[in-house]
1. Using a 1.4 Å probe, how large is the accessible area of Leu51, given in Å² and rounded to the nearest 10?
2. What is the sum of charges around Val27, taking Lys and Arg as +1, Asp and Glu as -1, for the other residues whose C-beta is under 12 Å from the C-beta of Val27?
3. Accessible surface of Phe25 in the full protein assembly, 1.4 angstrom probe, to the nearest 10 Å²?
4. List residues of segment 38-73, by number, whose backbone nitrogen lies under 19 Å from a label position 7 Å along Cα→C-beta of Asp92.
5. Along the charge dipole of segment 30-80, Cβ charges K/R +1 and D/E -1, which of Gly62, Ala72, Ile34 sits furthest on the positive end?
6. Counting only protein chains, not ligands or nucleic acids, how are Val89, Val61 ordered by accessible area (probe 1.4 Å), most first?
7. Give a residue-ordered list of calculated ³J(HN,Hα) values for segment 38-54 (Karplus: 6.51 cos²θ - 1.76 cosθ + 1.60, θ = phi - 60°; whole Hz; x for Gly, Pro).
8. For a quick check of understanding: with a 1.4 angstrom probe and all protein chains in place, what accessible area in square angstrom does Ser85 have, to the nearest ten?
Amino acid sequence: MADTQQVDTEQAGAKRGWADRWDAFEVTRTAGRIEAFAKAHGGAEAQVAYLGERGARIVLVGADGAWGDLVARTHERARKAVEQSGITVHDDFDGEYAAKVTTGRYEWSRMAGIQVGGPSNT
């Protein structure tokens, strides 16, 4: 005879309710960080990229060329946060969007340090 287990639907609903609230909290918190970046840099645009099981990366480029990124636990949360913040979302990080990024000496030395005589990464 197979064992059956009765699920307390009220308890399951409470757990799902908590998870929904946590999702909403993370989306709102991430959207707030995006909005703060946009405000500090005269506006911003974003691109959301999968990171696999780790979630999704939100790459932000400000109107002044400054850039930064955030990581959300899921791609869905990342997309919702960007939509909630009200900034433009790009499908890819290329073309005109990528050309808006301004890099300085620090970035160039870190990206190609060993090849062009900059500081090593160790």
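The values are calculated or read from the model by the stated rules, or taken from the named source; none is laboratory data. Keep in mind that what you see is a predicted model, and the values were worked out from it rather than measured. Positions of Cβ are generated from backbone atoms using ideal geometry, with glycine treated the same way; all protein chains shown enter the neighbour counts. What goes into the accessible areas is simple: the full protein's heavy atoms, side chains included, and nothing from ligands, DNA or RNA. Shrake-Rupley method; radii C 1.70, N 1.55, O 1.52, S 1.80 Å.
1. 80
2. Within the 12 Å Cβ shell, the charges total +2.
3. 100
4. Answer for this model: 45-51, 57-61.
5. Ala72
6. Highest to lowest solvent-accessible surface, that is Val89, Val61.
7. Along segment 38-54, the couplings run 4, 5, 6, 10, x, x, 7, 10, 9, 9, 9, 10, 5, 10, x, 5, 6 Hz.
8. 20
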